[in-house]
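The structure appears below as structure tokens.
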Amino acid sequence: MSDPRRALPSVGVLLQSDALRPLLDGFPRSLVAETLRGAIDAARQDPQEAPDTPDAWAARVREELSLRERRLLGPAFNATGVILHTNLGRAPLADVAIEAIGRIAAGYATLEYDVELGTRGSRHVHCAELLRELTGAEDALVVNNCAAALVLALNTVADGREAIVSRGELIEIGGSFRVPTIMAKSGARLVEVGTTNRTHVADYEAAIGDATGAIVKVHRSNFVIGGYTADVGLEDLAALASRTGIPLLHDFGSGLMLPLDDHGLHGEPTANSVVRTGAMVVMSGDKLLGGPQAGIILGASDVIARIRDNPLTRALRVDKLTIAALQATLTLYRDPVRAVSAIPILAMISMPVALLRPRAERIAAALGAAGVAATVTDSEASVGGGAFPTARIPSCAVALAGDAVQLEAAARGAYTPIIGRIADDRFLLDVRTILPREDATFTPTLLRALTQRSR
């Protein structure tokens, strides 16, 4: 009896076949050969499942190459209804920010060159003027994220000294990262005051001593404590800091630049309101600000100068593409009306349900015409990104009929993954978080994924 493993073709023979030629046109020969070799080795372990024609081998390799590509960073459709979805990259950028990235990425740029003087310049100047203008801060510095900004600021003002913080503000953020752990990396020694639910000014006053380097306030943006509580407001802490001459550092987090009360979202302070207290402020660029991932430090010019000279600043600095996107996004805030319409996350937050429903109806109608039963239903979206944790935004979703788990898996398996949510045993696609510029490709992508799944 012949050994079935001897009937398997060689890599060289398959690479010369017409069936593999399209793959060689689209992928490096070495990658196709490596994938073929892996497929042949797998077939040796289970000869009964081995492809029996060059076309079948090509299909096997194409499937594996597709899986490899899907493991790389790629675009996705956010149909979850979570506007600032950390797992999906938080804030999508405004068109002007995308254009700015392309313009700067295409060639050389004046990243660290002073055109007027013809000498070396600093990358830190590019967004600082806009941030001073928009927030009222004396000066500003941009690093690679908000946690980095917190570490850098603390390392500058409290390295080897004590940093006082309320126990009720020792929060955990996404990915199991905890503020006290991050603070400890700065070199500051954490001093906890108050209790989980109640902290008073007297608690801070009692903790202040010769070793105190900073008072820290962390904005509890991703949860709410209710009931028997007491908290010390930023203004009161600013007054204490002023009396004692101790720096006050506020981890503001969200980066909100404009009030959203007109859109039903209350309680989140804006950047200029926290700057006015005199605190040094750190915040994110890719949350409610709506820009790229960045950590922004706002404060007095002498303190920012010290931070800028800290050797850690170089390790935490941002690249030219981040600066380009942030600068373009900040420019939009000079006209608040334009900012709300042009910055995607603000447009999503402020979009009336009456404008979402026709989009949902078009998606449902196209699905129905292709034989996929779907209806339009009321939904609730959320801000996400640790902002407005209890807020629910009226929204509109497309509900697909059928097994919700199978439908979710099929949509997630699309070439451009479609990420929705399952609620009440229904698979929902919330239209609020589908970008209008994605409308033309969203439904065809979904239909292809559902069709392939049913075969």
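Assorted remarks:
Results for (1) free of Cβ contacts under 8 Å to residues at least 24 places away in the same chain; (2) touching a Ser or Thr at 6+ places or on another chain (Cβ under 6 Å), shown as yes or no for each residue.
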{"position": "ARG357", "(1), (2)": "no, no"}
{"position": "ALA360", "(1), (2)": "no, no"}
{"position": "ILE363", "(1), (2)": "no, yes"}
{"position": "GLY368", "(1), (2)": "yes, no"}
{"position": "VAL376", "(1), (2)": "yes, no"}
{"position": "ALA391", "(1), (2)": "no, no"}
{"position": "VAL398", "(1), (2)": "no, no"}
{"position": "ASP403", "(1), (2)": "yes, no"}
{"position": "ALA410", "(1), (2)": "no, no"}
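- Summed over region 43-57, residues that are small (Gly, Ala, Ser) and within 13 Å of ALA19 (Cα to Cα) total 1.
- The single condition among (1) open to solvent by 20 Å² or more (accessible area, probe 1.4 Å); (2) more than 22 Å from VAL179 (Cβ to Cβ) that LYS287 does not meet is (2).
- ILE104 meets all of the listed conditions (1) without any contact (Cβ under 8 Å) to a residue 60 or more places away in the chain; (2) of a type in the set (A, V, I, L, M); (3) more than 22 Å from ILE297 (Cα to Cα) but one, namely (1).
- Listed conditions (1) without any contact (Cβ under 8 Å) to a residue 24 or more places away in the chain; (2) touching a Gly at 6+ places or on another chain (Cβ under 9 Å); (3) among the small types (Gly, Ala, Ser) are all met by GLY81, apart from (1).
- Just one of the listed residues (VAL398, VAL318, VAL383, VAL340) is part of a helix (DSSP H, G or I), at negative phi and in contact with a helix residue (DSSP H, G or I) (Cβ under 9 Å, 6 or more places away or on another chain), namely VAL340.
- Among the conditions (1) of a type in the set (A, V, I, L, M, F, W, C); (2) closer than 29 Å to ASP302 by Cβ; (3) touching a strand residue (DSSP E or B) at 6+ places or on another chain (Cβ under 9 Å), ALA230 misses just one, which is (2).
- Unmet criterion (only one of (1) more than 30 Å from ASP159 (Cα to Cα); (2) buried (at least 18 other Cβ atoms within 10 Å of the Cβ)) for VAL275: (1)
- Among the residues of region 104-128, not one is among the charged types (D, E, K, R), under 19 Å from GLN293 (Cα atoms) and surrounded by fewer than 16 Cβ atoms within 10 Å (Cβ to Cβ).
- Unmet criterion (only one of (1) over 17 Å from HIS124 (Cα atoms); (2) within 20 Å of the chain's Cα centre (by Cα); (3) part of a helix (DSSP H, G or I)) for SER273: (2)
- Filter pass, ALA410 being closer than 17 Å to GLY371 by Cα, part of a helix (DSSP H, G or I), in contact with a Lys or Arg (Cβ under 6 Å, 6 or more places away or on another chain) and open to solvent by less than 40 Å² (accessible area, probe 1.4 Å): yes
- Residue that is least open to solvent (accessible area, probe 1.4 Å) [pool: residues in region 81-103 that are modelled with pLDDT of 95 or more, farther than 15 Å from ILE345 by Cα and not basic (Lys, Arg)]: ALA100
- Qualifying residues in region 203-257 (those that are modelled with pLDDT of 85 or more and hydroxyl-bearing (Ser, Thr, Tyr)) - the one surrounded by the fewest Cβ atoms within 10 Å (Cβ to Cβ): SER242
- Residue in region 158-176 that is modelled with the lowest pLDDT, counting only those that are exposed (fewer than 13 other Cβ atoms within 10 Å of the Cβ) and out of contact with any helix residue (DSSP H, G or I) (no Cβ under 7 Å at 6 or more places or on another chain): GLY175
- Test: VAL216 is under 25 Å from VAL383 (Cα atoms) and not in a helix (DSSP H, G or I): no
- Being surrounded by fewer than 19 Cβ atoms within 10 Å (Cβ to Cβ), charged (D, E, K, R) and under 29 Å from ASN272 (Cβ atoms) holds for only one residue in ARG338, ARG362, ARG357, and it is ARG338.
The values are calculated or read from the model by the stated rules, or taken from the named source; none is laboratory data. Source: prediction; values computed, not measured. Note that each Cβ is placed from the backbone with ideal geometry, even for glycine, and that neighbours are counted across all protein chains shown. These accessible areas exclude ligands, DNA and RNA; they are computed on the full protein's heavy atoms, side chains included. Shrake-Rupley method; radii C 1.70, N 1.55, O 1.52, S 1.80 Å.
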